[in-house]
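Student: Please see the structure below; I have some questions.
Only the coordinates and a few stated rules stand behind these numbers; no lab work does. Fair warning: this is a prediction, and the values are worked out from it, not measured in the lab. For neighbour counting, all protein chains shown are included, and Cβ atoms are generated from backbone atoms with ideal geometry for every residue, glycine included.
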Amino acid sequence: MSRRVRLGAVGAGWWATSNHFPIFAAREDVDLAGVCGIGSELEAVREQFGFGMATNDYDELLDQDLDAVVISTPHDLHHPQAVAAIDRGLHVLVEKPVTLTAEQGWDLADRVRAAGVHFLAPYGWNYKPFTIEAKRLVAEGHLGEIQHVLCHMASPTLGLFAGDTNHIRSLWDSKTSGPDPRTWQSPARGGGYAHGQVTHSSAMLFWLSELRAASVMAKVSNGQAAVDLFDAAVITFDGGALGSLSGAATLPDGDPYQVDLRIFGTEGVLMLDTERERVSLHRYDGRRWDLDIPPGEGAYECIVPPNRFVDLITGASTENNSDADVAARSVELIDAMLRSAAAGGAEVAVRHGVGARQHHHHEESA
Ligand SMILES: NC(=O)c1ccc[n+]([C@@H]2O[C@H](COP(=O)([O-])OP(=O)(O)OC[C@H]3O[C@@H](n4cnc5c(N)ncnc54)[C@H](O)[C@@H]3O)[C@@H](O)[C@H]2O)c1
């Protein structure tokens, strides 16, 4: 690509201004063509990062001469905004959860394939050196056939889901206001811990394992909040593996995020822990890998994904660890969990109704 990547951004709130925009603004090969948002701070954001234009109207943003769009809006807007961009042939970075329903998730994956565009969901942990090494070990087949999975996550995010969202700014600050509570705390707009955080642990699980959920029994509990703070599920995966999932929004401030995956196969076990920085793969034949991971390396950061998105577009990289397929498998699990929970914990099929088509997993990375 000879010219710079012309980026448009929709959603210019806390996360976009604290994480994505500084990263893009620092790159020589990116032209920040335009920004779209609602609210009074938009012009200040345009000026801070040097966007070419600012608008409240998404169609006006898409009418600019763009190569790609970065979508960092409230959860329920991701699907329609991504569809509009993909259908114009634009590459898209779509914030998690990429959609709220399985059907919308696979709809995006289908459109991305048909349009031949790049799609990246910025799941930061999928780009850490230690998780990439874990992925490499799993891909070499050292687990054998996966029979059982544990997938746990906990986060210091009570304020985000139940209180004053400005609290999160002690972790990631920006010049704009803290997140709009409606982004995180509205049941109708995909608020809650499952869509907000289990999306990360499940996306890491599905990327690492290549599993796909088949049926789910789940319960969630809200505590004093309007949305789920605690999630528990029993999952059956395609191929018969059994799994348990837990999520909790209420770690004390300053505690590291917990993502604890344990994957039990016919030939060995993988244990991956972000809190205490562990990746171990131990095989029944005695071969063992215990990675040396620098302390602090498990802490959440999302530096690589926006950079990788640009590198995919320019051709500087071909490795996408969080493509539309991984994102859709995460969405369909959470959709089924929340449907099961709404039905009192009854077992529900992940593929149901008209969305129940067979999709092929495809590996984008070498
Ligand atoms: N990948 C990660 O690690 C990570 C971390 C934090 C947040 N996020 C995600 O980023 C997204 C944004 O979260 P946030 O905390 O910044 O929220 P926020 O409430 O601070 O920002 C939302 C933005 O969307 C804009 N917006 C709302 N309605 C709009 C509309 N109709 N048209 C155009 N723009 C509109 C608002 O003006 C605002 O700029 C969410 O999907 C969230 O889950 C991802």
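Student: Given the C-alpha centroids of the range 291-310 and the range 260-286, what is the distance between them in whole angstrom?
Tutor: 20 Å
Student: A further question on this structure: List the lysines whose alpha-carbon lies under 25 Å from that of LYS128, not counting same-chain residues fewer than 8 positions away?
Tutor: Straight-line reach from LYS128, under 25 Å: LYS96.
Student: How many percent of all Cα-Cα pairs in the chain sit more than 37 Å apart?
Tutor: Result for the distance tail: 15 percent.
Student: Tell me which residues come under 5 Å, amide H to amide H, from SER317 once H is placed; ignore anything under 5 positions away on its chain.
Tutor: Counting only residues 5 or more places away or on other chains, the set is LEU312.
Student: Going by how many other Cβ atoms sit within 10 Å of their own, how do THR266, THR274 line up, fewest first?
Tutor: THR266, THR274
Student: Now for a separate question. When the Cα atoms of the range 5-124 are enclosed in a convex hull and the volume is divided per residue, what value in Å³ results?
Tutor: 95 Å³
Student: Please arrange THR314, THR236, THR157 by counting, for each residue, the other beta carbons lying within 10 Å of its beta carbon, fewest first.
Tutor: In increasing order of surrounding Cβ atoms, one gets THR314, THR236, THR157.
Student: Which residues' amide hydrogens lie under 5 Å from the amide hydrogen of GLY265, considering only partners 5 or more residues apart or on another chain, with H built in the peptide plane?
Tutor: Placed amide hydrogens put GLN147, LEU270 under 5 Å from GLY265.
Student: So what is log10(I(q)/I(0)) for the range 247-362 at q = 0.12 1/Å, when the Debye sum runs over its Cα atoms only?
Tutor: -0.75
Student: Which of MET53, MET337, MET153 comes first, and how do the rest follow, when ranked by fewest Cβ neighbours within 10 Å?
Tutor: Listed from fewest to most nearby Cβ atoms, that is MET53, MET153, MET337.
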